[in-house]
Structures are given as C-alpha cells and as structure tokens.
1. Check each of the trypsin sites (Lys or Arg not before Pro) in segment 315-356 and keep only those in coil by DSSP with at most 11 other C-beta atoms within 10 angstrom; list them in order.
2. If R0 is 35 Å, what FRET efficiency do you get for Val318 and Asp12 from their C-beta distance, rounded to 0.05?
3. With each pseudo-label sitting 7 Å past Cα toward Cβ, what's the Leu339-Met284 distance in nm, one decimal?
4. Figure the gain on full extension for Glu101 and Glu47 (residue separation times 0.36 nm, minus the Cα-Cα span) and round it to one decimal in nm.
5. Probe 1.4 Å, all protein chains in place: accessible area of Asp353 in Å², nearest 10?
6. Anything over 22 Å Cα to Cα? Flag those among Lys176/Lys227; Lys184/Lys227; Lys176/Lys320; Lys227/Lys247; Lys176/Lys247, in the order listed.
7. Packing-wise, with mean Cβ within 10 Å as the measure, how do 33-44, 148-159, 181-192 rank, highest first?
8. Less than 13 Å Cβ to Cβ from Ala173, Lys/Arg counted +1 and Asp/Glu -1: what total charge do the surrounding residues give?
Amino acid sequence: MKKGTKKLTLKDVADKLEVSTATISNAFNRPDQLSVNLRESILNECEKMGYFDSNAAARSLRTGRTGIVGIVLSDDLSYSLTDPVANQFLKGIAEVLEANEYNMLLLSSDVIEQDAQSRMQSSMVDGFIVYGHKPQHCHNAPWLMPNKNIITVDSFISGTTSVNVENHGGAYAIAKHALAHKPKHVAILGLSLVDTDRVCRIREDELFERAASISIQRLHGYFEALKEQQITVSPESIWNIPENNHKLAYQATREALTMYNRPQLLLCMSDCIAIAAVQAALQMGLRVPEDLQVVGFDGIAESENFHPSITTIHQQTVEKGRIAAEVFLGLREAKDVILETELIVRESCPLADPNIEG
C-alpha cells in the first residue's frame, strides 16, 4: 500500500463489493458458508484492492492451520446431501469436527477440474477427507498431492490412510444367505462397476481394479459365495448402475426381470437399489419373496421401514465418518481401519427352509 493511502476497512470492502461485512468475513474465515464461485470472486477482488483479513491471516500464521477440512464427495453435492449413506457419513464427521472447533468445506470431485479453482481450494484447507474416490476422476486433483493430509473413505489411494467397511466379507455373507434358497438363476445389480454413465450390462475387461473400488470388492464377495454353490453368473446377468439412484435401479431391474431366464434372486449393491428392485418386481406382478428374493447393502433406515423390508448388510456409516475425522485430526493412530458389517435378515429374503429343493 502506498504511503498516505488510507488502509481499507472491512466496511470499505463490503461497500465496494456491495455485499455485507459478514459475507466478506465468511470468505476468509467460514468458507463453508459461501458458494465456491462467490468466495473466489470476493477473494480475487480483495487481493486486487490489497485487503487481507487480519484475523484469518494471523490465525494461519500462528497455528500453521486454517481450521478447515475439505470433504471431497464422489458425487455432486445435491445428491450427496440427500443420499442416506453419505448423509450419515457426514454426520459422523461433523460431530468430531465441531467438538474440535474445525469446519468442513464440501467439495464434489465431479466438478473440480479447473486448475485455479483447485489451487484455491487446496490453499484453504489443512487437508482432505476423500469419500468414495473414483479412480477415473481428477488425476491431478489437489487431494492427490503429497503435501496435504489425506484420509480416504470407501476407497483406496496409494500412500494414504483409509477407512473402509468389510465389503468383500459382507457381500459374501449376504450372498451365501440368499443362495440357501437355491435359486436357479441369479442377477447382480452393481453400482459404478465400470466407467460409464449408462445403465448397462458389463464386460469383464471393463471392470475397475479390485483394489480401487468397493463395488468390485462386493462383486468378488458375491462371486465367492456363488462359486461355493457351483453357480455361474455371466456378465450378461450383471448390470452396471452408474449412480445410487432409484430411477436407474428401477430401469436395470426391469431389464433383468424380462430376461428369458428370469432370475429368482437379485443381489443388489445398495439398499436404494434393492428398494427400487422390489418396487419394480411388484409392479410386474411378482411376489417378494415368493417369486423373487432381493437383498441389499448398507442398512439404511428406509430398508427396515419399507414393505417388504429389505434383507441387507448393515455398515457403521456414522462411525466411519467419526473415525475418518479422528484420524485426520490426530486423535487416532493413522493406520488403515476396516469396520465389521452385520447381516440383517428381513422379509425380502428370509431364512431359507432347510428342506427346500433346488
């Protein structure tokens, strides 16, 4: 600033940008309160005017931290905030961060592609908790850089600490339970198995690597149980559903249930998919579980309240968020965590009659 030039105040900047003083303060101190575009615009204008928030700067210099954790979500924010699994995961994170006076900045990996935006977001946070990282997205993303504290959840990134559930074991357990009904034909409704935004059947050469995808781990859990029963499910009986979305799951179910060899069992990789599958089956005049057994994965509240209630694998979603936050803040040892799952037997696939014949 030139000698004799009046030092800008917070009110001066707010008047110049035609926003409130609270909005300017939030741009520096509470980035979670503003949209990315608005915050970036305000910070750019402040830099041009030579205004820097003294409180934020002083705190950052004193502690070496911003007090903000970037939460990177694999899907868009509007979906993630309504998805019951992501919602419970964020609840667990928020409980720990609030208790330790930290804030979180929600980011979607689907839209972080511009270098300037990525650099800005990387500089604002002390690190990232990456939820459901998709290997095909954002190869140069800021959360993949080595100078940041990174925790991955429901995913694996080399060199980072991860928090996951027992996906393979859970899928094996529920498939083994369902196969006790001795179905003649089985179909799998998978979630994000291949890199496409379409509902489609898969080809084996399209599948993501097992180590990088929880969906592939669940798929291999199903395969292990199927192999024990000497049942083969060809790729033509495995559907890829690109998002955990009712409409897409309903479409995949209709396609599966109109096959020549109609399946008597649907192995669904989420409760949302399983609920859509049951609804589609009932609309087609099938009885659940008499004509068709359906199983899910996640243990969301709706799976219990829905009728017929969904047989599922319950995962510790809130606890997963808590642990990720605790590891990030150094409140827990930085080592990989795998949480146990639990088989919950309900109406959509009850215990099999031991006298049933295939």
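1. On the way: sites: Lys320, Arg322, Arg332, Lys335, Arg346; in loops: Arg332, Lys335, Arg346.
Listed in order of number, the matching sites are Lys335.
2. On the way: r = 45 Å, r/R0 = 1.28.
For R0 = 35 Å, the calculated efficiency reads 0.20.
3. 3.4
4. 16.7 nm
5. Accessible surface of Asp353 is approximately 80 Å².
6. Details: Lys176/Lys227 10 Å; Lys184/Lys227 14 Å; Lys176/Lys320 25 Å; Lys227/Lys247 31 Å; Lys176/Lys247 28 Å.
With Cα atoms farther than 22 Å apart: Lys176/Lys320; Lys227/Lys247; Lys176/Lys247.
7. Working: 33-44: 15.7, 148-159: 19.0, 181-192: 21.0.
Going by the mean number of other Cβ atoms within 10 Å, highest first, we get 181-192, 148-159, 33-44.
8. Numbers: positive: Lys176, Arg218; negative: Glu166, Glu224, Glu228, Glu340, Glu342.
Around Ala173, the surrounding residues sum to -3.
The values are calculated or read from the model by the stated rules, or taken from the named source; none is laboratory data. The shown structure was predicted, so the numbers you read here are calculated from the model rather than taken from an experiment. Positions of Cβ are generated from backbone atoms using ideal geometry, with glycine treated the same way; all protein chains shown enter the neighbour counts. These area figures cover heavy atoms from the full protein model, side chains too; ligands, DNA and RNA do not enter into them. Shrake-Rupley method; radii C 1.70, N 1.55, O 1.52, S 1.80 Å.
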